[in-house]
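Notes follow the structure.
Read-outs: derived from the displayed coordinates by stated rules, not from any lab. Note that this is a predicted model, so its numbers are computed, not measured. So basically every Cβ, Gly included, is an ideal-geometry build from the backbone, and we count neighbours across all protein chains shown.
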Amino acid sequence: MHMEIAQATDFLGRLLHSKLDQAMLQSLKDELAELLKQRFVNHWDPQQPYRGNGFRAISNFNGQLDPVLVKAAINASIPPTFIHTHLPRDFVLWIDPGSVSYRVGDHGNIMTLFEDRSRGRITFKMDSQTISKSNALAYIQQPRISTPVRISPPNSPESIKPSSQSPSQSSQQQKQQPLVMAN
């Protein structure tokens, strides 16, 4: 948890480094790190890293600065409106066990800032009674062969053919239609 929080606060620090002096920036990062540690204490399960990730998200979305950022800014003697103004609009930062990522814009790509690959595959806790009774578990544990899928982008508007009319027919139809001018 501490590594992920450090990555997140460092990233926010990089976003704001040209807007704040070094002492204020460090104070904000320290306050935010402490608040996040307190907030995540019962919401951090490396066995289920995406469970509760909405709770662990920090945002500047729909004109609202995340309450944890507001509190960190106030504790660091920085006006929250200053932080709100200098963070990207529609910004979300997810802090999950083994991963820190962000998105700018409602439909932007999710960018990974940190991923702990040393943990290997995620394993889930199951009790021995569940394992012995589950026929589905044998199916799940079988190796799977994946087939790559190619996803093509949509066609260019220039490649879409107009209706089957010849150019001379469509120009004749345009000449016959009255023109309407809008003010």
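Residues being within 22 Å of Asp96 (Cβ to Cβ) and free of Cβ contacts under 8 Å to residues at least 24 places away in the same chain: count how many of those fall in segment 2-19. Talk me through it step by step, then tell me what you get.
Our first condition is that a residue be within 22 Å of Asp96 (Cβ to Cβ); within segment 2-19, this holds for 2-15.
Adding the requirement that they be free of Cβ contacts under 8 Å to residues at least 24 places away in the same chain leaves 10, 13-14.
Matching residues across segment 2-19 total 3.
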Enumeration of residues in segment 39-50 that are loosely packed, with under 14 Cβ neighbours inside 10 Å and under 15 Å from the mean Cα position of the chain (by Cα): Tyr50
Report, ordered by the first and then the second residue, all pairs with beta carbons closer than 9 Å, sequence separation of six or more or different chains, a first member in segment 20-32 that is farther than 15 Å from Ile5 by Cα, and a second member that is surrounded by 14 or more Cβ atoms within 10 Å (Cβ to Cβ) and of a type in the set (Phe, Trp, Tyr). Leu20/Phe82
Taking the criterion of being under 20 Å from Lys37 (Cα atoms) and surrounded by 14 or more Cβ atoms within 10 Å (Cβ to Cβ), would at least one residue in segment 81-90 satisfy it? no
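Count, please, the residues in segment 67-112 that happen to be in a helix (DSSP H, G or I) and either small (Gly, Ala, Ser) or within 13 Å of the chain's Cα centre (by Cα) (or both).
Step one: filter segment 67-112 for residues in a helix (DSSP H, G or I), giving 67-75, 80-86.
If we keep only those that are either small (Gly, Ala, Ser) or within 13 Å of the chain's Cα centre (by Cα) (or both) as well, we get 72-73.
Looking only at that region, the number is 2.
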